[in-house]
Amino acid sequence: MKIANDAATIAAMQADGRLSEVRREIYRAVARYRYTYNFTWYGRPIIQLPEDIVTIQELILSVRPDLIIETGVAHGGSLALSASMLELLGCGTVVGVDVEIRLDNRVAIEALPLAKRIRLISGSSTDPAVITQVAEYAARASRTMVFLDSDHTHAHVLRELELYSPFVRKGSYLVVFDTGIDDLSEDAYPNRPWGKGNNPKTAVHSFLAVNDRFEIDCELEARLMYTAAP
């Protein structure tokens, strides 16, 4: 029994100019209210849009990685999502890297029933010592996925792309979160070092200009009503 929309329907949805504008309007509207802070996974705040949460579990199921590398830990909800999917698949580890893993978050993450699948690395995601530790995990993995969701400045994300992309092989994904920052207003992040023109999306395009190993999955985005990672 076929459930999913076919390619033609998805293409028509993508080509609908009015719908595209509605998507942008919705994303801008909910961003003002920190909408992503409304949700949890296994009791931990995940700080992601519901549609992105659904999409991530689909990607993990399709790729079936035995290693997921995540930069940006926050409260651990994304790590819990990845760990729960790996548990369903029956194998794999998720490595979380963050420049500051607060003690209360570390304790809560390590108390999760799926903590056996989680490893935490404290330090900047671009620190050579951190990359060495991550590389040790990647050397033992046959298929790796990478989620970048830490410092959202252009320079930092571009450096992450340069450092973490070699861990990803053909058939897998490198997901760059919060490229949607570039679609928000100039004053959307008044107290942050990133914003319009200086964010993950600008870093992605700079990276792709000199790296032909990756391509943007436009079909995946076309299926979503809105996403923080266009």
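The values are calculated or read from the model by the stated rules, or taken from the named source; none is laboratory data. If you're wondering where the values come from, they're calculated on a predicted model, not measured in any experiment. Here the Cβ is made from the backbone with ideal geometry for all residues, glycine too, and neighbour counts use every protein chain on show. Please note that ligands, DNA and RNA were not included when accessible areas were found on the heavy atoms of the full protein model with its side chains. Shrake-Rupley method; radii C 1.70, N 1.55, O 1.52, S 1.80 Å.
Quick notes on this one:
- Part-to-part distance (alpha-carbon centres) for region 179-230 and region 11-70, which is given in Å: 13 Å
- The simple spin-label model puts a point 7 Å past each Cα toward its Cβ; for Asp217 and Tyr33 those points are separated by 2.9 nm.
- Length-normalised contact order for the chain - Cα pairs under 8 Å, 6+ apart - percent: 20 percent
- Coupling constants for region 112-122 follow from the phi torsions by the Karplus curve (6.51 cos²θ - 1.76 cosθ + 1.60, θ = phi - 60°), and in residue order they are 5, x, 9, 4, 4, 9, 10, 10, 10, 10, 9 Hz; glycine and proline get x.
- Between Ala139, Ala31, Ala83, the GNM of the chain built on Cα springs shorter than 10 angstrom shows Ala139 fluctuating the most.
- Solvent-accessible ranking of His152, His75, largest area first, probe 1.4 Å: His75, His152
- Of the chymotrypsin sites (Phe, Trp or Tyr not before Pro) in region 4-54, the ones in a loop by DSSP (not H, G, I, E or B) with at most 13 other beta carbons within 10 Å are Tyr33.
- Most fluctuating residue given options Arg143, Arg213, Arg64, as computed from a GNM of the chain linking Cα atoms under 10 Å: Arg213
- The calculated 222 nm mean residue ellipticity attributable to helices in the chain amounts to -12500 deg cm²/dmol, summing -39500 (n - 2.57) over DSSP H runs of n ≥ 4 and dividing by all residues.
- A Förster distance of 35 Å, applied to the separation of the beta-carbon atoms of Leu89 and Ser185, puts the FRET efficiency at 0.30.
- In this simple spin-label approximation, Asp104 and Arg169 carry label points 7 Å from Cα along the Cα→Cβ vector, and these lie 4.2 nm apart.
- Rolling a 1.4 Å probe over the protein heavy atoms gives the chain an accessible area of 52 Å² per residue.
- Using a Gaussian network model of the chain in which every pair of alpha carbons under 10 angstrom is joined by a spring, one finds that among Gly171, Gly92, Gly123 the greatest mean-square fluctuation is at Gly171.
- Computed lengthening from Thr40 to Met225, 0.36 nm per intervening residue step minus Cα-Cα distance: 64.6 nm
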